[in-house]
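Scroll down for the structure; my scribbles are underneath it.
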Amino acid sequence: MSKPKILIARAVFPEVVARLEEYFEVESNQADETWSKAELAARLRDKAGAFTTGGDRIDAGVLAVCPGLKICANMAVGYNNFDLDAMTAAGVLATNAPDVLTETTADFGFALMMATARRITESEHYLRAGQWTKWRYDMFSGSDIHGATLGILGMGRIGQGIAKRGALGFGMKVIYHNRSRLDAALEAECQASYVSKEELLKTADHLVLVLPYSPASHHAIGAAELALMKPTATLVNIARGGIVDDAALAAALKDKRIAAAGLDVFEGEPLVHPDLLDVPNVVLTPHIASATIPTRLAMANLAADNLIAFFTGKKPLTPLNPAVLAIK
Ligand code: 8YV
């Protein structure tokens, strides 16, 4: 019997490609070429499955020319690159890669918050530029993490991981806002108190964004929200570009309406708003929150597991639209 055809849309660990080749006829993009949407659709046209990453958009336009496509397995927990409604309507299963990246991403969120509050990269640039000629009592003074109020917008698994690091490791007071409030046991475990979004913005010393991107969360942090924050506060975005209005943030940083920001994700990435590149009080990283080799490997293997399970008649591990399975 011939093997089902799949596309691996981006370069990925060779051992994961080899694993998939045991089950599938694989076309892979190990050269990591940048494909337009039309090129991606053309390569998917004769495929039954796709291994995608967060930058590979699967929507009605792509689906319309890929009638044989049955499953797209995302190597990411976020799946705003999928038009889930269109996929469900077309009977295409979507899967994501949750859980395996939770602790690594929470580590990074915490690291970015600390780097932002303590001005790590700004001071390193100063040193590397040869500007450090003498010590001064107030040079690069930042704000404390220990004992400060940590605000978390989006209290899923990664948000909870950050809350625990803050409360248990650094004695922070943790407040959060989320679409739905956590149950009492989980709140106690995270030592976190639920507050309104307005109170979160007004009270947090360090605000970390970990909510999923959707039309509802587009520009959840814009000029009006930034205006509510303390002038001493810091903002960290490890969620998705588009949740923050980057132009409004750059203006707030320039005018010191908030103290500093740390950004791992950007509107229109890999492009970065030029105004953000011009302000010193922002730490910028290229979407690396889940980037440790064991975690990225686990994410890739989970996407592969979903493809293998689906095509060998087993239940995929992390389906996003399981109704599609019920129909089949
Ligand atoms: C990925 C991410 O590295 O999992 C997510 O949602 O944002 C990152 O961990 C990226 O999306 C690549 O797929």
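Each residue of region 102-284 gets 116 Å³ once the volume of the Cα convex hull is shared out per residue. Here the spin labels are modelled as points 7 Å beyond Cα on the Cα-Cβ line, and at S123 and S2 they lie 6.3 nm apart.
Where the eigenvalues come from the Cα gyration tensor of the chain, what are the semi-axes √(5λ) of the equivalent ellipsoid, largest first, in whole Å?
That gives 39, 22, 18 Å for the three semi-axes.
With a cut-off of 19 Å, note down the residues of region 205-240 whose backbone N falls inside the zone around a label point 7 Å from the Cα of Y194 toward its beta carbon. Once the point is set 7 Å along Cα→Cβ of Y194, 210-212 turn out to lie under 19 Å by backbone N, inside region 205-240. Near E25, once Lys and Arg are set to +1 and Asp and Glu to -1 for all other residues with Cβ below 15 Å from its Cβ, the sum equals +3. Helix 293-311 versus the longest principal axis of the chain: what angle, 0 to 90°, nearest 10, using Cα atoms? Between helix and principal axis, roughly 30 degrees. Within the listed set V244, V272, V174, the Gaussian network model of the chain (springs between alpha-carbon atoms below 10 Å) gives the highest mean-square fluctuation for V272. Under a point spin-label approximation (7 Å from Cα along Cα-to-Cβ), what is the D183-L297 distance to one decimal in nm? Once both label points are built, they end up 3.5 nm from each other. Length gained on full extension, H146 to A64: 24.2 nm, using 0.36 nm per residue less the C-alpha separation. The lysines within cross-link reach of K3, meaning a Cα-to-Cα straight distance under 18 Å and a gap of 8 or more places when in the same chain, are K47, K70, K314.
Post the alpha-carbon centroid distance, region 249-289 to region 1-39, in whole angstrom. If we compute the Cα centre of each part, the gap is 34 Å. Solvent-accessible surface of the chain, averaged per residue with a 1.4 angstrom probe and all protein chains in place: 47 square angstrom.
Each label was represented as a point 7 Å from its Cα along the Cα-to-Cβ direction; for D255 and N281 these points are 1.3 nm apart. Computed from the C-beta positions of W132 and H219 and an R0 of 45 Å, the FRET efficiency is 0.70 to the nearest 0.05. Spatially close Lys pairs in region 102-284, defined by Cα atoms under 28 Å apart and a spacing of eight or more places or different chains, total 18. An oblate overall shape is assigned to region 1-77, the ratio a/c of its alpha-carbon gyration tensor axes (a ≥ b ≥ c) being 1.5 or greater and a/b not exceeding b/c.
Computed from phi, the 3J(HN,Hα) profile of region 183-192 under the Karplus parametrisation 6.51, -1.76, 1.60 (θ = phi - 60°) reads 6, 4, 5, 5, 4, 5, 4, 8, 6, 10 Hz, with x in place of Gly and Pro.
The values are calculated or read from the model by the stated rules, or taken from the named source; none is laboratory data. This structure is a prediction, so every number in the text was calculated from the model and none was measured. Positions of Cβ are generated from backbone atoms using ideal geometry, with glycine treated the same way; all protein chains shown enter the neighbour counts. Side chains included, ligands, DNA and RNA excluded: accessible areas come from the protein's heavy atoms. Shrake-Rupley method; radii C 1.70, N 1.55, O 1.52, S 1.80 Å.
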